[in-house]
Amino acid sequence: MKALHYNKKEFKFIECDKPTPIDTQVLIRIVSTSLNAGDYRLVQLNSIPKSGILGNSIAGIVEELGPHVKSLNIGDRVVCDTSDCGFGGLAEYITVDESICVSVPLNVSLLDASACPVASTTALNALRLEKPIKEDDRVLIIGASGGVGTYMVQLAKQAKAHVTSVVSTHNMDQARDLGSDIILNYKKDDITQLKETYDRIIVINGSYPLSFYQSHLKPNGLYVMVGGPIKQFIKNLILCPLYSLGNKKFRILNSKSNISDLQEIIQLISNKKIKPIIEKVYPFDKAIEAYQTFEKGHSKGKIVIQISNESK
Ligand SMILES: NC(=O)c1ccc[n+]([C@@H]2O[C@H](COP(=O)([O-])OP(=O)(O)OC[C@H]3O[C@@H](n4cnc5c(N)ncnc54)[C@H](OP(=O)(O)O)[C@@H]3O)[C@@H](O)[C@H]2O)c1
């Protein structure tokens, strides 16, 4: 099978053996894989999966069953998050345990399904951290335009919260279309002059000081750092416990892959309550170009790599 392999600081397409499913594993023919920050963070941290193959958000078709598989059949359409089991999504085939597979209904395309793991569940976890947001909560989302942000706006609106999205000029229309109540342009508006206070401030990108967030949280409000520059992460690691001494809490999200969250997201998409926003679908042979574009950190929604066709 063909796979995109990372070794000695470079990506190369290689031919390797198609894996064989054992025990409760299934062999999936991958239709598409979406990129996540985890893919470039592993490269930056020099912590490449053993296989040398990145990609943790995959959708495809079950082609072979291990001897003890109970819940899936050949031909099933599935999506999974392989973050906790070695990535491996930038390849034509992968074997995964049946327990991490979520079935994809026929009215959801596998391209859309592959855009869900990690980004959508991270958004869900940030909105539910400690206490789920509720109707009329005022939520400020900074960095509402990428993979995580486009899901977060939609999920916050599903919960009937009042959403203020911070994006740049070219993403303002998208933020409006996704349902944001107020849209601020971080390139033009002076965000630090905001007068409003919030029940929850979620930072997906950007690097305002924690003192700014503190003065814009309501009493008992919650600040959640999802992502942003490494420098900001380190500052948050040191300062969040100190800022949390009063009645406002400051947390760093550590989102874990969770099958029931992914099932919930797929159901919301199937019921047309939310939709994956995909900036571009690249063919597999353009995967390096896709990775290099994504790594720049200016995606408008998700970047998806199509590896095979749904019907062979
Ligand atoms: N905590 C966790 O468990 C967890 C899990 C998954 C991801 N993450 C993190 O979440 C972050 C976002 O991931 P992603 O997949 O959504 O990335 P992405 O798809 O690359 O999106 C990044 C978005 O941020 C916007 N942006 C860049 N600089 C900004 C700024 N100063 N203010 C506001 N927006 C800005 C970009 O738009 P423009 O530059 O065009 O404005 C782009 O749309 C990453 O840092 C990732 O590491 C954390």
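The values are calculated or read from the model by the stated rules, or taken from the named source; none is laboratory data. Fair warning: this is a prediction, and the values are worked out from it, not measured in the lab. In this analysis, Cβ positions are derived from the backbone assuming ideal geometry, glycine residues included, and neighbour counts consider all displayed protein chains.
A few points about this structure:
- First in region 285-301 and in a loop (DSSP other than H, G, I, E, B), second anywhere and within 12 Å of the ligand (Cβ to nearest atom) and not polar (S, T, N, Q), Cβ under 6 Å, 6 or more apart: 299/146; 299/279; 300/279
- Matching residues in region 151-173 - criterion: being out of contact with any helix residue (DSSP H, G or I) (no Cβ under 7 Å at 6 or more places or on another chain) and within 12 Å of the ligand (Cβ to nearest atom): 168, 169, 170, 171, 172
- Region 141-152 residues that are assigned by TED's automatic domain parsing to the domain that holds residue 179 and over 17 Å from residue 304 (Cβ atoms), paired with ones that are more than 6 Å from the ligand (Cβ to nearest atom) and part of a loop (DSSP other than H, G, I, E, B) (beta carbon under 9 Å, 6 or more apart): 141/180; 142/208; 144/178; 144/180; 152/144
- From 66, 55, 88, 75, residue being at pLDDT 95 or above, more than 16 Å from the ligand (Cβ to nearest atom) and under 22 Å from the mean Cα position of the chain (by Cα): 88
- Residue identified as under 28 Å from residue 204 (Cβ atoms) and not hydrophobic (A, V, I, L, M, F, W, C) among 76, 39, 17, 97: 39
- Any helices (runs of 4 or more DSSP H) falling wholly within region 119-234 and containing at least 1 residues that are on the phi > 0 side of the Ramachandran plot: none
- Residue ID - farthest from the ligand (Cβ to nearest atom), chosen from residues in region 120-135 that are farther than 11 Å from residue 226 by Cα and in contact with a helix residue (DSSP H, G or I) (Cβ under 7 Å, 6 or more places away or on another chain): 133
Here is a yes/no grid of residues against (1) farther than 20 Å from residue 285 by Cβ; (2) outside any loop (DSSP other than H, G, I, E, B); (3) touching a residue at least 12 places away in the same chain (Cβ under 8 Å); (4) not assigned by TED's automatic domain parsing to the domain that holds residue 300:
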| site | (1), (2), (3), (4) |
| --- | --- |
| 12 | no, yes, no, no |
| 19 | yes, no, yes, no |
| 32 | no, yes, yes, no |
| 46 | yes, no, no, no |
| 50 | yes, no, yes, no |
| 61 | yes, yes, yes, no |
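- Here region 235-248 is the region considered, the condition is being in contact (Cβ under 8 Å) with a residue 24 or more places away in the chain and either among the polar types (S, T, N, Q) or not assigned by TED's automatic domain parsing to the domain that holds residue 213 (or both), and the residue that is surrounded by the most Cβ atoms within 10 Å (Cβ to Cβ) is 236.
- Residue match in region 93-101 (condition: within 16 Å of the ligand (Cβ to nearest atom) and crowded, with 18+ Cβ neighbours inside 10 Å): no
- Pick from region 23-52, criterion surrounded by fewer than 24 Cβ atoms within 10 Å (Cβ to Cβ) and hydroxyl-bearing (Ser, Thr, Tyr), ranking: farthest from the ligand (Cβ to nearest atom): 24
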